[in-house]
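S.K.: Next up is a structure, given as structure tokens.
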Amino acid sequence: MVVNPVVMALSRAGEETAHRVARALGAALHGRAGRVERADAFFPDALEHARSLFSAGVPVVGVCASGILIRAVAPLLADKRAEPPVVSVSDDGVVVVPLLGGHRGANRLARQIAEALGGMAAVTTAGEVALGVALDEPPEGWVLANEENARAAMMALLQGGGARLSGEAAAQAGWLADLPEGDAVEIVCTAKPVTMAPPDLLYHPQRFVLGVGCARGCAPEELEGLAREALAAAQVAPGALKAVATLDLKADEPAVLDLAARLGVALRLFGAAELEAEAGRLETPSEAVFAEVGCHGVAEGAALAAAGPKARLRLAKRKSAAATCALAEAPLPITRLRGRARGRLAIVGIGPGQAAWRTPEASRLIAEADTLVGYGLYLDLLGPLAAGKLRAEFPLGGEEARCRHALEEAGRGKNVALVCSGDAGIYAMGALVFELLDRPAQAGGVSDSARRVEVISAPGVSALQAAASRAGAPLGHDFCAISLSDLLTPRDDIVKRVRAAAEGDFVIAFYNPVSKRRRGLLAEARDILLRHRPAGTPVLLASSLGRVGESLRYRRLDELRVDEVDMLTVVIVGASQSRMVELGEGPRMYTPRGYARKMDGGASGRG
């Protein structure tokens, strides 16, 4: 998924240049707090911010010294095939340097920026310097089918050889027109499936869209087999496909999703009215299909709608027992996809709030999202990562409305991130999302389009994990979590769970320990626990973890007082074996796992 770059301005000297770059790229501008006057968002620490963007997969353009960006991302470098572009721009805009990801968009970004600023792109990639083209990075609408041959081809050309272009699409490959002519490398531009030995290259123009339809529950193997037979009959390589297209009612059909994934192309969706608009171009219209779904053809209509008004059917509808497919061909490589993507809802836990405790996966999903949904404070904690995105803020207590809105927005084809603190699956919105999806429509469930979206969850650092890490290792042995809120759980059930955990000698993390009206449950839980474990059992009170005002306090179980606990506090009560140890940095709490007994047993021959 393409993520827009972020332009970072670090000083007043480069601020105007940064604004010019942001305008040229249509990108958000993030500025160093206290040093930049105008920006879409501000950050306090340049190294940490660049590192956070990079780990989230966001291309970074820094108007600053190259060394700043290098120091920021150096600890994260691992796989050049997956890392986003990083580009530095001098304060005066004269020099633009692609530092990382030259063949993943950085060189292209550098040239675009240099052209806008009237500066120079300091591209150092050997092939582009000598030949003016990156053979392994074709433009939008083209795909290199045998990327493994690119290095050998580049070496042959750099050693003085020339290239010979052939294939029915060679005339459309304008970016290759300036290569030196010769016989060292053959470059074939064709939609046909061809095998090329090194150092020869094969480029496919993505002029084709595969339209599909199928019965509910169609076997993925059946649809894929039909699709590949159709491509073979049309003599079109899978690499020449730009998309798989179908009716929006099939947005969650496993066979369709599997086919798009196996072919490595986007899935595009159309409503019945949009497909019916293509009725005049269909070769095999069907009244039966119209009666069932509201359009005279799914496979042919979807292929034509996605390929554009100038497209034609290369292959009319073909059928198997439970599936149909058709192939449409556009006159030129397709650079802009029509139709809608399948909506996606990412349920994201951002941890206690600080960026350092937010997982790279969570940051990436937020960066990719069109819309952020959540409690306003949680969205604010995202800082610059949320800049420029649509925000749907909901108050505390509006949890169901929050989840419902997120699902319905995703049902409209949007990429939505539902933002929660901690871990989204632990006392947060994850369970409610799936409850709404499971609830029948007549009982207050969500719309059919919302039920067809992709739903993914990203783990976060939970409050109990954050508290435990600050304290030492109180969760070193068996533990459980219990919410003391009786808004959603009957009080008797809560008490029953506390008694069971007390009898089982679990370390317990109490969430929602008190509220303005609810003060007695924590005291009752303390009294229950005192019947099963020592009065001196250590208790941790952890508040505002990872944020300003973070507080850790330790108490004996018999000294735990309700008045010193609030809703922002996580209470961790140790088991009977939990201990405190004094270190130079202060007291630490831990629960031994039993290694001492294991070692004693081994020494005495009982192991």
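S.K.: Taking amide hydrogens as modeled 1.01 Å from N in the peptide plane, which residues meet the under 5 Å criterion relative to Val455, leaving out close sequence neighbours?
M.R.: Close amide H contacts, sequence-distant or interchain: Leu345.
S.K.: Out of these labelled values of Cα Rg over 2.2 N^0.38 Å, (1) 1.18; (2) 1.13; (3) 1.46, which was calculated from the coordinates shown here?
M.R.: Among (1) 1.18; (2) 1.13; (3) 1.46, the one derived from this structure is (1).
S.K.: Using Cβ-Cβ distances only, list the Cys residues of the chain with no partner cysteine under 4.7 Å, sorted by number.
M.R.: So, Cys64, Cys189, Cys295, Cys325, Cys403, Cys420, Cys480.
S.K.: Defining a contact as two alpha carbons under 8 Å apart and six or more residues distant in sequence, what relative contact order in percent does the chain show? Display every interim value, and only then the final one.
M.R.: Values: 1340 pairs, mean separation 51.4, N = 607.
For the chain, the relative contact order is 8 percent.
S.K.: Take peptides 233-242, 320-329 and line them up by average Cβ neighbours within 10 Å, highest first, as a rough protection proxy.
M.R.: Descending packing order for the listed peptides: 320-329, 233-242.
S.K.: Measuring from centroid to centroid over Cα atoms, what is the spacing of region 69-87 and region 153-206 in Å?
M.R.: Using only Cα atoms, the two centres lie 31 Å from each other.
S.K.: While we're on this one: Pull out the extension gain between Thr195 and Glu181, defined as 0.36 nm times the separation in residues minus the alpha carbon to alpha carbon distance; nm, one decimal. Don't skip to the end; give the middle numbers.
M.R.: On the way: separation 14, 0.36 × 14 = 5.04 nm, distance 2.19 nm.
Extra length available between Thr195 and Glu181 comes to 2.8 nm.
S.K.: Would you work out the relative contact order for region 344-461, in percent, from Cα pairs under 8 angstrom that are 6 or more residues apart? Mind dumping the intermediate values first?
M.R.: Values: 243 pairs, mean separation 48.3, N = 118.
About 41 percent, as a whole number.
S.K.: Under 13 Å from a point placed 7 Å out from the Cα of Ala316 along the Cα-to-Cβ direction: which residues of region 275-309 have their backbone N that close?
M.R.: 281-286, 300, by backbone N distance to the label point.
S.K.: Take the Cβ-Cβ distance between Arg553 and Glu503 as r, set R0 to 25 Å, and report the resulting FRET efficiency rounded to the nearest 0.05. Walk me through the intermediate numbers first.
M.R.: Working: r = 27 Å, r/R0 = 1.08.
It comes out at approximately 0.40.
S.K.: Report, in deg cm²/dmol and to the nearest 500, the calculated mean residue ellipticity at 222 nm for the chain, where each DSSP H run with n ≥ 4 adds -39500 (n - 2.57) and the sum is divided by the residue count.
M.R.: Details: 20 runs with 185 residues, N = 607.
Value at 222 nm, helices only: -8500 deg cm²/dmol.
S.K.: Let me ask another. Taking only Cα atoms, what is the 0 to 90° angle, nearest 10, from helix 15-25's long axis to the longest principal axis of the chain?
M.R.: 60
S.K.: Using Cα centres only, tell me the gap between region 470-499 and region 427-450 in whole Å.
M.R.: Measuring centre to centre over Cα atoms gives 26 Å.
S.K.: What is the distance in Å between the Cα centres of region 336-393 and region 30-64?
M.R.: 17
S.K.: Sticking with this structure for a sec: Check the straight Cα-Cα distances from Lys414 and name the aspartates and glutamates below 17 Å, setting aside those fewer than 8 residues away within the same chain.
M.R.: Excluding near neighbours in sequence, the set is Asp248, Asp252, Glu368, Asp370, Glu393, Asp448, Glu454.
S.K.: Rounded, prolate or oblate, given the Cα gyration tensor of region 116-207, with a/c below 1.5 counting as rounded?
M.R.: Since a/c reaches 1.5 but b/c is at least a/b, the shape of region 116-207 is classed as oblate.
S.K.: Something else: What pairs in Lys192/Lys310; Lys192/Lys389; Lys192/Lys317; Lys310/Lys389; Lys242/Lys319 have C-alpha atoms more than 30 Å from each other?
M.R.: Details: Lys192/Lys310 21 Å; Lys192/Lys389 41 Å; Lys192/Lys317 20 Å; Lys310/Lys389 34 Å; Lys242/Lys319 22 Å.
Beyond 30 Å between Cα atoms: Lys192/Lys389; Lys310/Lys389.
S.K.: Based on other C-beta atoms within 10 Å, arrange Ile187, Ile68, Ile494 from fewest to most.
M.R.: Working: Ile187 22, Ile68 15, Ile494 18.
Arranged by neighbour count, lowest to highest, Ile187, Ile68, Ile494 become Ile68, Ile494, Ile187.
The numbers here are math on the coordinates, done by the rules we state, and not lab data. What you see is a predicted model; the values in this text were computed from it and never measured. A quick note on method: Cβ atoms are made from the backbone with ideal geometry, for glycine too, and the neighbour counts reach across all protein chains shown.
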